[in-house]
Structures are given as structure tokens and as C-alpha cells.
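Reviewing the structure listed below.
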Amino acid sequence: MVLLGADDPIIDGAQQRAIAERLETVVYPGASHGFAADERDTFHPAAAQDAWRRIEDVLDEVRRSRTE
């Protein structure tokens with residue numbers, strides 16, 4: 001899973017679309033690069049909260065699959 005800010009100046013729209021063709025991708029409108037890092041000026045609380053929830057969900061799936 002790839003979590004991207006729609007306003008990321010490093011990974012532009014064309015690159016985001018290319019990534020999305022190959023990987024599960026979530027793009028957060030209004031978020032920039034580093035949106036989940038609360039010490040950065042690009043911190044986007046709503047996007048960060050959702051991104052961390054998604055990361056935790058994926059990690060939970062991996063843990064469950066290892067115990068089954």
C-alpha cells in the first residue's frame with residue numbers, strides 16, 4: 001500500500017497515477033509530502049490519522065496471517 005499526499009511536490013500526479021497502476025494507493029487531497037510527520041510543517045492531521053489507521057490494519061492482517 002502506498003499513501004500519498006495529492007499536493008506532494010516530489011511525487012507528482014503522473015508518478016502517482018503510475019504507482020496506482022501497480023500498487024494499492026491512497027491519495028489524500030490537500031496533503032503534501034511528509035503529511036504524517038507531526039514535526040513537519042506539512043503535517044496534515046486528518047490524512048495522518050487515516051494513514052496510520054490503514055498501516056495498523058495492514059500490520060494486523062500480517063500478524064493474523066502468521067498465526068493462522
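The values are calculated or read from the model by the stated rules, or taken from the named source; none is laboratory data. Keep in mind the model is a prediction, meaning the values are calculated, not measured. Neighbour counts run over all protein chains shown; Cβ positions are idealised from the backbone, glycine included. In case anyone asks, the SASA skips ligands and DNA or RNA and just uses the protein heavy atoms, side chains included. Shrake-Rupley method; radii C 1.70, N 1.55, O 1.52, S 1.80 Å.
Using beta carbons and a limit of 8 Å, which pairs, at least six apart or on different chains, have the first residue in the stretch 5-16 and in contact (Cβ under 8 Å) with a residue 40 or more places away in the chain and the second one not in a loop (DSSP other than H, G, I, E, B)?
Going by the 8 Å Cβ cut-off, the qualifying pairs are GLY5/VAL27; GLY5/TYR28; GLY5/ALA47.
How many residues are over 14 Å from MET1 (Cβ atoms) and free of Cβ contacts under 8 Å to residues at least 24 places away in the same chain when one looks only at the stretch 35-52?
Here the count works out to 10.
Would you call ASP12 surrounded by fewer than 15 Cβ atoms within 10 Å (Cβ to Cβ) and either among the small types (Gly, Ala, Ser) or at pLDDT below 95 (or both)?
Yes.
For every residue, the table says whether it meets (1) open to solvent by less than 60 Å² (accessible area, probe 1.4 Å); (2) of a type in the set (Gly, Ala, Ser); (3) in a strand (DSSP E or B).
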site	(1), (2), (3)
GLN16	yes, no, no
LEU23	no, no, no
VAL27	no, no, yes
ASP38	no, no, no
ASP41	no, no, no
ALA47	yes, yes, no
LEU59	no, no, no
